[in-house]
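Each value in this text was obtained by applying a stated rule to the coordinates, not by laboratory testing. What you see is a predicted model; the values in this text were computed from it and never measured. Counting neighbours? That spans all protein chains shown, and the Cβs are built from the backbone with ideal geometry, glycine included.
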Amino acid sequence: MLFCTVTYAQNYNEALVPAYTLPDPLITLNNRPVKNAKAWEQTRRPEILRLFENLVYGQMPKTFDRISYVPVREDRSAMNGHAILKETRVMIYHRGDSVSIDVSLFVPKAAKGAVPVFLLINNRPKKNTDPDRKEKSAFWPAEMVVDSGYAVAAFHVSDLAPDDKVKYPEGVLRLYPEMLQQPNGMKAIGSWAWGASRIMDYFEQEPLVDAKQVVLVGHSRGGKTSLWAAAQDQRFAICVSNCSGNTGAALSRRQFGERISRINTVFPHWFCNNYKQYNDRENDLPVDQHMLISLIAPRPVFATNATKDLWADPTGTFLAMKNAEKVFALYKKQSRLPDSPTPVNEAVVNSALGYHIREGEHDMTAFDWQQFIRFANVHLRK
Ligand code: GTR
């Protein structure tokens, strides 16, 4: 038997980053400068959104027949009496078929009125978001978030699309099978992002939470998803993208750590088929990831990295955030990111574009969540 191993040359040496020119978020495809928020919203933002839809993440379905919110469980003395737990099944019906998304929501018991909520896109095993709190994980430190006065919620990506290159159509895409034939049809990451928006639909009619103050959180592949969901759906108030790396918050053109060719080969079920044209052709893409972050403006974005996670290109993430600043500036939203990457473990939160690099591995930890809460404290009114 012949074993064939494909190796991908990965660069971890800053000196070997090739020279590159980023597409300008403020120059239209017709070469016109974008000078104000109106021109951004009317011309350039839709243009960039279409490019990401058609070339990277794939289009999302715009309609469905019906949605319903089925109460599953309510426990008014969860977390030793500190929280109300509400479990709900969000059911989406289309063309005689349906998908269901289970959402767990903890709301501080002491809250008066609707509270802001952190929503996690869970791409790790379900035990990380155990509603019974028998298992506790720093990946979703629900008690800590509730103690800070916020509600906290989670759903699991597998309810929308299995994270598997063969099985990914066995979720939302069952309702929209035509997308599978389209070169710009969404796959798993689009399906997960679509799910985040359906949870937003639920929040809009859930009296315990303030749907105008939803902080969407994702880690790694979930962090790619949180950015794409917040870019698409302007109802999300804040986006947190933790260690999201390639095709997340990191610039592709730097070709540092993971590259487009590698992500499309190992995870062919994440992005649309058109994206594969850009394998080893980063410079031919009319977008780079600073433009994805720009689409979220003027809403605050917080991105993170970890010192040992060079795969996700921390410097490229910081630079993507820096290169989105001028779009936020159209809205007079100040970025206080320094000119060069921040010192380890020092979060910049008092800024429309927030960032930290944490000591340690590719992960989402209590330290990360403490900074998300600080960031929300600055940008939301509780
Ligand atoms: C890696 C992948 C990254 C990131 C990560 C994760 O294998 O190359 O892009 O998504 O998985 O999701 O933890």
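Restricting the GluC sites (Glu not before Pro) of the range 104-186 to loop positions (DSSP other than H, G, I, E, B) with no more than 16 neighbouring Cβ atoms within 10 Å leaves 135, 170. Contact order for the range 91-194, expressed relative to its length and based on alpha carbon pairs under 8 Å spaced 6+ residues apart, stands at 29 percent. Note on residue 37/residue 134: beta-carbon distance plugged into 1/(1 + (r/R0)^6) with R0 of 51 Å gives a FRET efficiency of 0.60. Dividing the mean sequence gap of close Cα pairs (under 8 Å, 6+ apart) by how many residues the range 230-332 holds gives a relative contact order of 40 percent. The trypsin sites (Lys or Arg not before Pro) of the range 76-151 that meet both conditions, a loop assignment by DSSP and at most 12 other Cβ atoms within 10 Å of the site Cβ, are 95, 112, 134.
Normalised by residue number, the volume inside the convex hull of the Cα atoms of the range 27-97 is 195 Å³ per residue.
At an R0 of 35 angstrom, the distance between the Cβ atoms of residue 17 and residue 234 translates into a FRET efficiency of 0.55.
For the chain, adding -39500 (n - 2.57) for each run of n ≥ 4 DSSP H residues and dividing by the number of residues yields -7000 deg cm²/dmol at 222 nm.
Site pair residue 50 and residue 182 shows an inter-label distance of 1.4 nm when each label is modelled 7 Å from Cα along Cα→Cβ. Within the same chain, lysines fewer than 8 places from residue 134 are excluded, and of the rest, those with a Cα less than 16 Å from its Cα are 126. For the range 278-382, the calculated P(r) over all alpha carbon pairs, in 10 Å bins from 0 to the bin holding the longest distance, is 15, 44, 32, 8, 0 percent. The lysine pair tally for the range 151-284, using Cα distances under 23 Å and a gap of 8 or more places or different chains, is 10. Note on the range 74-194: with charges restricted to the Cβ of Lys and Arg (+1) and Asp and Glu (-1), its dipole about the Cα centre is near 100 debye.
Dipole magnitude for the chain: computed about the Cα centre from +1 point charges on Lys and Arg Cβ and -1 point charges on Asp and Glu Cβ, it is near 780 debye. Thinking of the range 158-233 as a set of Cα atoms, what percent of all their pairs are more than 19 Å apart? The calculated P(r) of the range 158-233 puts 39 percent of pairs beyond 19 Å. For the range 1-105, the relative contact order comes to 14 percent (Cα pairs under 8 Å, sequence separation of at least 6). Here's the list of lysines a cross-link from residue 326 could span, going by alpha-carbon distance under 17 Å and ignoring same-chain residues fewer than 8 apart: 35, 38. Annotation: peptides 288-297, 332-341, ranked by per-residue average of other Cβ atoms within 10 Å with the highest first, follow the order 288-297, 332-341.
The chymotrypsin sites (Phe, Trp or Tyr not before Pro) of the range 1-82 that DSSP puts in a loop, and whose beta carbon has at most 12 other beta carbons within 10 Å, are 3, 8, 12. Please report the net charge: other residues with Cβ closer than 10 Å to the Cβ of residue 60, K and R +1, D and E -1. Around residue 60, the charge tally is -1. Principal semi-axes of the equivalent ellipsoid, √(5λ) from the alpha carbon gyration tensor of the range 200-253, are 25, 10, 7 Å from largest down.
Computed over the chain, the alpha-carbon pair-distance distribution with 10 angstrom bins reads 5, 25, 34, 26, 9, 1, 0, each value a whole percent.
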